[in-house]
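Engineer: Once you've had a glance at the structure underneath, I'll fire off some questions.
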Amino acid sequence: MKPTLFILAAGMGSRYGGLKQLDGLGPNGETIMDYSVYDAIKSGFGKIVFVIRHSFEKEFREKVISKYQGRIEVEVVFQELDYLPEGFKLNHEREKPWGTNHALLMGKGVINEPFGIINADDFYGRESFQILAGQLKMMADKSRNYCMIGYLLGNTLSDSGTVARGVCQIDEENYLTKVVERTQIERIDGVPCYKEDDGTWKKLTDTTPVSMNMWGFTPDYFDLSEKSFTQFLEDNKDNNKAEFLIPTLVNDLIEQGEIKVKLINTPSVWFGITYAKDRPEAVLKIQDLIDQKIYPERLFN
């Protein structure tokens, strides 16, 4: 059974100023998602699942999914604020989405095989998909033993503002011992730093391993997530900004001894479009990859 790739595409793009997952950066309007799907097909994935919002479903199907017909199986699921477990009601003062692990939960009904998960607006690189696909194929008969593709922090920062990254600690066998979602990381006087809740800045290094939300799971992770989301809602009933994030849940489950997660380093170079100012550089990087013949001028004829 081929693994599935689950793409988180429901984001609102508040820092970017629009739906960056639909922004055409390639020479023929290709999105970053298109390059991810192209690499996934080349790497042996058998199905793509997108999680989006109903508000842009029509545009998404026309601009994105129509390209893949006949090339790979595609499913679409939806993330909305009121998609909550039985017994919970939405506080209508809440505007912020529930977070990446809530989005992941939306795939439970359509994913029954090992699956990778990525952000729609991050360019991960061909080697990363090859590594992830190979690892997922070895996970078919396992449970609670997952993986994460790791990047070096210094290669993932934006010159345009702060970024959010899962800062990782590993043991001697490269298993995660801790992963903490730091929502404000940037260079200060050339040094990567993150902002603590109390407003102080702490230094990191360029070689700090970080999560770019490129994970490998088996379907049992859905059950762990459902149980944890119920507890999350109980704990945050008065917090309209709390988010149910993949790195946070993974860290909790590691600390509880429930799961193991292998960090696998990739030689690929990451880039993304967190801010609108990131766009011109991303366009140039894609064109450079085309000039190197890594990608064709037109991805999907």
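Every number here is computed from the coordinates shown, using simple stated rules; none is lab data. Values in this document were obtained by computation on a predicted structure and should not be read as measured data. Positions of Cβ are generated from backbone atoms using ideal geometry, with glycine treated the same way; all protein chains shown enter the neighbour counts.
Engineer: Once Lys and Arg get +1 and Asp and Glu get -1 on their Cβ, which of 167, 123, 190 lies farthest toward the positive end of the dipole of the range 4-291?
Structural biologist: Of the options given, the answer is 123.
Engineer: Continuing with this model, one more query. Under a Cβ-Cβ cut-off of 13 Å, what is the net charge of the residues other than residue 241 that fall near it, where Lys and Arg count +1 and Asp and Glu count -1?
Structural biologist: Working: positive: 94, 96, 237; negative: 93, 95, 197, 238, 243.
The answer is -2.
Engineer: In terms of modelled amide H atoms, which long-range or inter-chain residues lie less than 5 Å from the amide H of residue 177?
Structural biologist: Those lying under 5 Å, H to H, from residue 177 are 169, 170, 171.
Engineer: Enumerate the calculated ³J(HN,Hα) couplings along the range 52-60 in order (Karplus 6.51 cos²θ - 1.76 cosθ + 1.60, θ = phi - 60°), each rounded to whole Hz, writing x wherever the residue is Gly or Pro.
Structural biologist: Couplings: 9, 10, 4, 4, 10, 4, 4, 5, 5 Hz.
Engineer: Next question. Computed FRET efficiency, Cβ-Cβ of residue 66 and residue 252, R0 35 Å: what is it to the nearest 0.05? Intermediate values should be presented prior to the final figure.
Structural biologist: Numbers: r = 39 Å, r/R0 = 1.12.
For R0 = 35 Å, the calculated efficiency reads 0.35.
Engineer: Between (i) 18.9, 58; (ii) 21.8, 67; (iii) 18.4, 55, which entry matches Rg and Dmax of the Cα atoms in Å as derived from the coordinates of this structure?
Structural biologist: Calculated Rg and Dmax of the Cα atoms in Å: the matching label is (iii).
Engineer: Taking square-rooted eigenvalues a ≥ b ≥ c of the alpha carbon gyration tensor, is the range 2-154 rounded, prolate or oblate, where a/c under 1.5 means rounded and, failing that, a/b exceeding b/c means prolate?
Structural biologist: It comes out oblate by the Cα gyration axes.
Engineer: Convert each backbone phi in the range 212-226 into a coupling constant with the Karplus relation 6.51 cos²θ - 1.76 cosθ + 1.60 (shift: θ = phi - 60°), then list the ³J(HN,Hα) values in order as whole Hz, x for Gly and Pro.
Structural biologist: 10, 6, 10, 10, x, 10, 10, x, 4, 5, 4, 5, 4, 5, 4
Engineer: Once Lys and Arg get +1 and Asp and Glu get -1 on their Cβ, which of 111, 257, 179 lies farthest toward the positive end of the dipole of the range 4-291?
Structural biologist: Value computed over the given set: 111.
Engineer: In whole Å, how far is the Cα centre of the range 71-117 from that of the range 226-284?
Structural biologist: 14 Å
Engineer: Then there's this: Would you work out the charge dipole size for the range 76-144 about its Cα centre, treating the Cβ of every Lys and Arg as +1 and the Cβ of every Asp and Glu as -1, and quote it to the nearest 20 debye?
Structural biologist: Details: 8 positive and 10 negative charges, 57 e Å.
Here the size comes out at about 280 debye.
Engineer: Shifting gears a bit: Apply the Karplus parameterisation 6.51 cos²θ - 1.76 cosθ + 1.60, with θ equal to phi minus 60°, to every residue of the range 111-128 and state each ³J(HN,Hα) to the nearest whole Hz, in sequence, with x for glycine and proline.
Structural biologist: 10, 10, 9, x, 9, x, 9, 9, 7, 5, 9, 10, 9, 9, x, 4, 4, 5
Engineer: Rounded to the nearest 5, what % of the DSSP beta bridges within the range 4-291 are antiparallel ones?
Structural biologist: On the way: 27 of 49 bridges.
Bridges in the range 4-291 are about 55 percent antiparallel.
Engineer: Given the options 70, 269, 22, identify the residue whose Cα lies farthest towards the positive end of the charge dipole of the range 4-291 (+1 on Cβ of Lys, Arg; -1 on Cβ of Asp, Glu).
Structural biologist: The residue sitting most towards the positive pole is 70.
Engineer: Scan around residue 47 for amide H atoms under 5 Å from its own, H built in the peptide plane at 1.01 Å from N, and keep only partners 5 or more places away or cross-chain.
Structural biologist: Amide H neighbours of residue 47, under 5 Å, 5+ apart: 5.
Engineer: Can I ask one more? Got the relative contact order for the chain handy, in percent, Cα pairs under 8 Å and 6 or more residues apart?
Structural biologist: Reported relative contact order: 25 percent.
Engineer: Which value, in debye to the nearest 20, describes the size of the charge dipole of the chain about its Cα centre when Lys and Arg Cβ atoms bear +1, Asp and Glu Cβ atoms bear -1, and nothing else is charged? Present the calculation step by step, with values, prior to reporting the outcome.
Structural biologist: On the way: 36 positive and 45 negative charges, 132 e Å.
Using Cβ point charges on Lys, Arg, Asp and Glu, the chain gives about 640 debye.
Engineer: Now for a separate question. What are the lysines whose alpha-carbon lies under 19 Å from the alpha-carbon of residue 142, with same-chain residues fewer than 8 places away excluded?
Structural biologist: Reachable lysines: 2, 108, 260, 262.
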